[in-house]
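Asker: If you scroll down you'll find the structure; I have some questions about it.
The values are calculated or read from the model by the stated rules, or taken from the named source; none is laboratory data. This one's a predicted model, so the numbers in the text were calculated from it and none came from an experiment. All Cβ positions, glycine included, derive from the backbone under ideal geometry; neighbour counts span all protein chains shown.
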Amino acid sequence: MLRTIATAAALSAGLLAISSSSSASSSAFSAPASSGIPPSTHACAAATQRCEGQISVPLDWNDPSSERITVAFAWVPRAGATSTVLANPGGPLPALPLLPVLEQTVDRQNLLVVEPRGLGKSSPLSCPDLDLNRPETIASCAEHVGARGRFFTADQAVADMDAVRRALGVSKVTFYGVSYGTLFAQAYAARYPDSTAGVFLDSLVPVGRDGYAVEPIRARTDLLELTCRSSRDCEKTWSALVRRLRAQPDPAIPMTTLLGLLPRLNEPVFGRELNAAASAYLRGDPLPLRRLAEAADAAPVPPLRGPDFAGLVAYKCGDARFPFDRDATAAERRRQLDRFYAEKRPLRPFTVAEVGGKTGWADWCVHWPTPRDNPPVPPRADRPAVPVAAVAGDYDTHSPAEVARYLPKASVLRVVGGGHGTTLSVPCSREALRSFLARPGELPRSCDVSSHRPIASFPLTVKDLPETGGVDPRLAAAFATAADAAVRRNPGSASYRALKEEPGLRGGKLVFDDKASTVRLEEVRFVRDLAVSGQVVLGPDGTATARLTAGGTEVTLSWPALRALDPVPVSGTFDGRPFSVEIPV
């Protein structure tokens, strides 16, 4: 859950960057705001190119005489389209800044993007001093927004979206939602079944039996199974590690940092090393785990504050069910939540107290009143008999198996090795979406973006390396050192992007030059008894090449650095002699 918040903040920063660097409206026709619903046709309905507009809608769709607010949208008609796609990229954050990305993703069908109310250009909520880590500012924001804040929720937002659909004269839409957009998609399909042609969900936000969003509170130790050679042993190792650090605290690895390593398992460096680093720590070798902790702590995290977070808070707190009563006072909610933490221990093997005393949205939403009964999906609503598909990455907020349980009638594509929002970045996931939009039906059977295999252990010396079938141990050690350096510039290792250099595991220094796609090794010791210097170059096709000096011996290496292989095919020269071998991970 902490990762979810950090992701939302990062996306918010990304949206601001997109908004300032590329204006989606530069070549678009802008139509005046529609005066209300009806009329049945907006000026954008006749557009043949991207058209941006606004409509006026009631604050409360159950009270047509309520205050009017403005909702913005973008309409992208396409010649030869066979369907219209209503898309939301999640957050919940402003959607229109991501229009260029959505246009590239949904590149063949008509595209409709509606800015959710309370965000961006759609009557945004704003609280000047809002800081999610200061509870009093959440309470003061709720007071500042007042009673109208209760209407900035998914049930009202999808009514706005359907109003835009009607204003454009579109008969049916296929709703494509990413992350929080999947909640909008489920709410829309349940409330407007006659206008729904299909639903495509990327990174599901599940809905419980009561119709509210499921906001998980957990430590994500389940992700360790994906990178562990024996999941049962791995779970035991992790529990033992937590007990060790609880009994003997390590200033370099506070519990909050240790918990924060788990959501990073989708990044190649952490997925490749974390289990082996935990085992090494318990054996008396703390350096691998301390190295990961230092990198995680150094990774930039956008602040969880700013006036525009008000709309985000309204949705997240209003749309979800938490371990407290929706109509309880803040004080009573706090007592109920603390009781839940004490009795259920949702972050086990951690306690909530030792990771800062809070878990994220549950704690923040204690201070946001939710007096209205507004489940995004009406509990007794009939789901439309339309095609439903979902994609889920192995390291997503909810696993592919969980998504399949929540959506028993949907076609679910597992993105092996994938993370969150894969249709926006992973080619095979994006093509599955495009295929579904063109002709709804079964998804492809496979989509694999794995780029690494977890290492078995961290050797202390050359002789501790895995047996390589007659290969000179110094060659195996040189390759292990080079592979350790190369993975730190794997495109998926987001936490490492800001690092320009890093100490070698047991000595020396790594220097990263992203412009030249190189890593320079200066007397780097991956194992204690062999220093390696030289350079690793990452090619555009994922091949890594290295020219090194290992303990006085010249070594050249070439291997596929972005493929999940074990053993790894490696070729090159060692002391002037050519070789071609397979080296275990």
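Asker: State whether the residues of the stretch 365-375 include one that is modelled with pLDDT of 95 or more, crowded, with 16+ Cβ neighbours inside 10 Å, not polar (S, T, N, Q) and not in a loop (DSSP other than H, G, I, E, B).
Answerer: yes
Asker: Quick test for you: out of L265, L261, L204, pick the one residue that is in a helix (DSSP H, G or I) and within 23 Å of W364 (Cβ to Cβ).
Answerer: Step by step, each of L265, L261, L204 is checked, and only L261 is in a helix (DSSP H, G or I) and within 23 Å of W364 (Cβ to Cβ).
Asker: Only one residue in T461, T481 is under 22 Å from S279 (Cα atoms), touching a residue at least 60 places away in the same chain (Cβ under 8 Å), surrounded by fewer than 19 Cβ atoms within 10 Å (Cβ to Cβ) and of a type in the set (V, I, T), so which one is that?
Answerer: Only one candidate qualifies: T461.
Asker: Would you check if A331 is among the aliphatic types (A, V, I, L, M), surrounded by fewer than 18 Cβ atoms within 10 Å (Cβ to Cβ) and more than 23 Å from E235 (Cβ to Cβ)?
Answerer: Against the criterion (among the aliphatic types (A, V, I, L, M), surrounded by fewer than 18 Cβ atoms within 10 Å (Cβ to Cβ) and more than 23 Å from E235 (Cβ to Cβ)), A331 qualifies.
Asker: Which condition number does F436 fail, the rest of (1) out of contact with any Asp or Glu (no Cβ under 8 Å at 6 or more places or on another chain); (2) touching a residue at least 24 places away in the same chain (Cβ under 8 Å); (3) in a loop (DSSP other than H, G, I, E, B); (4) not polar (S, T, N, Q) being met?
Answerer: It is condition (3) that F436 fails.
Asker: Could we say that A219 is buried (at least 22 other Cβ atoms within 10 Å of the Cβ) and free of Cβ contacts under 8 Å to residues at least 60 places away in the same chain here?
Answerer: no
Asker: Please enumerate the residues belonging to the stretch 382-401 that are under 30 Å from L224 (Cβ atoms), in contact with a helix residue (DSSP H, G or I) (Cβ under 9 Å, 6 or more places away or on another chain) and either among the hydrophobic types (A, V, I, L, M, F, W, C) or not in a strand (DSSP E or B) (or both).
Answerer: A389, A390, V391, A392, D394, Y395, D396, T397, H398, S399, listed by residue number.
Asker: Answer yes if at least one residue in the stretch 436-455 is charged (D, E, K, R) and buried (at least 21 other Cβ atoms within 10 Å of the Cβ), and no otherwise.
Answerer: No, because not a single residue in the stretch 436-455 is charged (D, E, K, R) and buried (at least 21 other Cβ atoms within 10 Å of the Cβ).
Asker: Being more than 15 Å from V170 (Cβ to Cβ), modelled with pLDDT of 95 or more and either among the aliphatic types (A, V, I, L, M) or touching a strand residue (DSSP E or B) at 6+ places or on another chain (Cβ under 8 Å) (or both) is true for just one of S35, S56. Which residue is that?
Answerer: S56
Asker: Looking at this structure, is Y180 surrounded by fewer than 24 Cβ atoms within 10 Å (Cβ to Cβ), under 19 Å from E115 (Cα atoms), modelled with pLDDT of 95 or more and not aliphatic (A, V, I, L, M)?
Answerer: no
Asker: Out of V205, V178, I need the residue that is in contact (Cβ under 8 Å) with a residue 12 or more places away in the chain and either among the charged types (D, E, K, R) or touching a helix residue (DSSP H, G or I) at 6+ places or on another chain (Cβ under 6 Å) (or both). Which one?
Answerer: V205
Asker: Just checking, how many residues over the stretch 449-479 are assigned to a loop (DSSP other than H, G, I, E, B) and either polar (S, T, N, Q) or on the phi < 0 side of the Ramachandran plot (or both)?
Answerer: The total comes to 19.
Asker: Within the stretch 222-239, which residues are crowded, with 17+ Cβ neighbours inside 10 Å and part of a loop (DSSP other than H, G, I, E, B)?
Answerer: Once the filter is applied, which keeps residues that are crowded, with 17+ Cβ neighbours inside 10 Å and part of a loop (DSSP other than H, G, I, E, B), the stretch 222-239 yields only C228.
Asker: If only one of T84, T70, T48 is surrounded by fewer than 18 Cβ atoms within 10 Å (Cβ to Cβ), modelled with pLDDT of 95 or more and among the β-branched types (V, I, T), which one is it?
Answerer: Answer to the selection: T70.
Asker: Sticking with this one: Counting only residues that are touching a helix residue (DSSP H, G or I) at 6+ places or on another chain (Cβ under 8 Å) and not hydrophobic (A, V, I, L, M, F, W, C), which one in the stretch 230-248 is modelled with the lowest pLDDT?
Answerer: Among them, the one singled out is S231.
Asker: Follow-up question, since we're still on this one. Mind telling me which of the residues G421, G360 ends up being buried (at least 16 other Cβ atoms within 10 Å of the Cβ), in contact (Cβ under 8 Å) with a residue 40 or more places away in the chain, under 21 Å from K316 (Cβ atoms) and in contact with a strand residue (DSSP E or B) (Cβ under 6 Å, 6 or more places away or on another chain)?
Answerer: Going through G421, G360 in turn, just one is buried (at least 16 other Cβ atoms within 10 Å of the Cβ), in contact (Cβ under 8 Å) with a residue 40 or more places away in the chain, under 21 Å from K316 (Cβ atoms) and in contact with a strand residue (DSSP E or B) (Cβ under 6 Å, 6 or more places away or on another chain): G421.
Asker: Can you list the strands (runs of 3 or more DSSP E) lying wholly within the stretch 480-569 that have 3 or more residues being touching a helix residue (DSSP H, G or I) at 6+ places or on another chain (Cβ under 7 Å) and hydrophobic (A, V, I, L, M, F, W, C)?
Answerer: The qualifying strands (runs of 3 or more DSSP E) are 518-527, 530-538, 543-550.
Asker: Out of all the residues in the stretch 288-314, which are touching a residue at least 60 places away in the same chain (Cβ under 8 Å), in a helix (DSSP H, G or I) and surrounded by 19 or more Cβ atoms within 10 Å (Cβ to Cβ)?
Answerer: Those that are touching a residue at least 60 places away in the same chain (Cβ under 8 Å), in a helix (DSSP H, G or I) and surrounded by 19 or more Cβ atoms within 10 Å (Cβ to Cβ): P288, R291, A295, A296, F309, A310, G311, L312, V313, A314.
Asker: For the subset of the stretch 486-510 comprising residues that are out of contact with any Lys or Arg (no Cβ under 9 Å at 6 or more places or on another chain) and among the hydrophobic types (A, V, I, L, M, F, W, C), which member is farthest from F270 (Cα to Cα)?
Answerer: A498
Asker: Looking at (1) in contact (Cβ under 8 Å) with a residue 24 or more places away in the chain; (2) touching a Lys or Arg at 6+ places or on another chain (Cβ under 6 Å); (3) within 24 Å of R453 (Cβ to Cβ), which one does A531 not meet, given that it meets all the others?
Answerer: Unmet for A531, out of (1) in contact (Cβ under 8 Å) with a residue 24 or more places away in the chain; (2) touching a Lys or Arg at 6+ places or on another chain (Cβ under 6 Å); (3) within 24 Å of R453 (Cβ to Cβ): (3).
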